[in-house]
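**Student:** Please read through the structure below; I'll follow up with questions.
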Amino acid sequence: MGSAQSGFILILSAPSGAGKSTLARHLVSQDPSVRFSISTTTRECRPQETNGVDYFFVSRSEFEQQRHQGNFIEWAEVFGHCYGTTRQFVEQSIAHGDIVLLDIDWQGARQVRAQLPANHVVSVMILPPSYPILRQRLLQRGRDSLSVVEQRMAQAEAEASHWGEYDYVLINNQLERAQQDLVAVVRSERLRIQRMEHQIREIVG
Ligand code: ADP
Ligand code: 5GP
């Protein structure tokens, strides 16, 4: 529970394969007040994914309809597919004092920052230790064909080039260390004076 000011949006962006999903899953498992925002997408559901858990999978016309209705707080086209974040979920969670985790790209991050007060948004760019290691991880993950891996590598530089727009940069070298660092970012951000005001007033008056 918390006041309206205690909740915030936590944006995670990264070149594909840098470890964003792995780190996001760990954070959600460690911290019950972090709520993962399930995006809506027009891309096809992968075999290991579940509709309504990983994404809401919709047709392009359904996506367009929701977009026109203003249902998305941000949306972007990534790898030829549309992705959008549900406005209602984000706004309700923050009002409830929760931390809303958005796994979105730099275009979405920009739109969110433009719409909300700065102290409502914390953004983290996750980077791999190097591009050769990124390629190795994409290949080891075994999810994509060689041509898709090459496509993701080409996109990686474009995503990473926006690191300067983020509040934190996390280099995912040792997984355990990166996991701890992400938890530390959230713990520190919670202690910001603006988010503690309600509790401070109860003590100090
Ligand atoms: P993303 O969500 O950014 O595309 P994933 O979380 O799927 O990336 O990670 C890509 C692959 O790299 C996965 O196979 C994952 O297990 C592995 N991985 C993630 N972090 C590390 C790390 N620090 N060291 C080695 N492998 C890692
Ligand atoms: P994937 O299809 O591999 O799950 O995701 C591809 C990319 O789309 C990732 O960089 C991911 O962060 C981004 N993405 C996923 N959901 C959203 C969203 O709702 N909005 C935006 N802008 N990007 C998203």
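The values are calculated or read from the model by the stated rules, or taken from the named source; none is laboratory data. Remember, predicted model here, so these are calculated numbers, not experimental data. Please note: Cβ atoms are built from the backbone with ideal geometry, for glycine as well, and neighbour counts cover all protein chains shown. Ligands, DNA and RNA are stripped out before the accessible areas are found, and what is left, the full protein with its side chains, is counted by its heavy atoms. Shrake-Rupley method; radii C 1.70, N 1.55, O 1.52, S 1.80 Å.
**Student:** For segment 52-63, how many residues meet the condition of being open to solvent by 50 Å² or more (accessible area, probe 1.4 Å) and either more than 18 Å from Arg143 (Cα to Cα) or assigned to a helix (DSSP H, G or I) (or both)? If you could, list the steps in order and put the result at the bottom.
**Tutor:** Quick first cut of segment 52-63, residues open to solvent by 50 Å² or more (accessible area, probe 1.4 Å) only: 53-54, 56, 59-62.
Now drop any that are not either more than 18 Å from Arg143 (Cα to Cα) or assigned to a helix (DSSP H, G or I) (or both), which leaves 53, 56, 59-62.
Final tally of qualifying residues: 6.
**Student:** Let me ask you something else. From the list Ala114, Ala109, Ala158, Ala118, which one is within 12 Å of ligand 2 (Cβ to nearest atom), under 19 Å from Leu12 (Cα atoms) and surrounded by fewer than 14 Cβ atoms within 10 Å (Cβ to Cβ)? Explain how you work it out, then say what you get.
**Tutor:** Values: Ala114 fails: within 12 Å of ligand 2 (Cβ to nearest atom); Ala109 fails: surrounded by fewer than 14 Cβ atoms within 10 Å (Cβ to Cβ); Ala118 fails: within 12 Å of ligand 2 (Cβ to nearest atom).
None of the other options fit; the residue is Ala158.
**Student:** What residue, of Ile73, Ile11, is closer than 22 Å to Asn172 by Cα, open to solvent by less than 60 Å² (accessible area, probe 1.4 Å), assigned to a strand (DSSP E or B) and not hydroxyl-bearing (Ser, Thr, Tyr)? Break it down into steps so the answer makes sense when it comes.
**Tutor:** On the way: Ile73 fails: closer than 22 Å to Asn172 by Cα.
Only one candidate passes the filter, namely Ile11.
**Student:** Residues in segment 80-137 that are outside any helix (DSSP H, G or I) and within 16 Å of ligand 1 (Cβ to nearest atom): how many? It would help to see each step written out before you state the result.
**Tutor:** Residues of segment 80-137 that are outside any helix (DSSP H, G or I), as a first pass: 80-86, 96-105, 116-117, 121-130.
Narrowing further to those that are within 16 Å of ligand 1 (Cβ to nearest atom): 81, 83, 101-105, 123-130.
Going through segment 80-137 one residue at a time, the tally reaches 15.
**Student:** Which one is nearest to ligand 1 (Cβ to nearest atom), of the residues in segment 141-154 that are surrounded by 15 or more Cβ atoms within 10 Å (Cβ to Cβ) and not β-branched (Val, Ile, Thr)? Even if it seems obvious, please write down each step before you answer.
**Tutor:** Our first condition is that a residue be surrounded by 15 or more Cβ atoms within 10 Å (Cβ to Cβ); within segment 141-154, this holds for 144, 149, 151-153.
Applying the additional criterion that residues be not β-branched (Val, Ile, Thr) yields 144, 151-153.
Working: Asp144: 10, Gln151: 13, Arg152: 8, Met153: 12 Å.
So the residue we want is Arg152.
**Student:** Here's a follow-up. If you scan segment 143-171, which residues turn out to be of a type in the set (Lys, Arg) and either without any contact (Cβ under 8 Å) to a residue 60 or more places away in the chain or part of a helix (DSSP H, G or I) (or both)?
**Tutor:** So the first thing to find is which residues in segment 143-171 are of a type in the set (Lys, Arg), and the list is 143, 152.
Within segment 143-171, just Arg152 meets the criteria.
**Student:** Quick one: in segment 22-47, which of the residues that are open to solvent by 60 Å² or more (accessible area, probe 1.4 Å) and touching a residue at least 60 places away in the same chain (Cβ under 8 Å) is nearest to ligand 1 (Cβ to nearest atom)?
**Tutor:** Per the stated criteria, the residue is Phe36.
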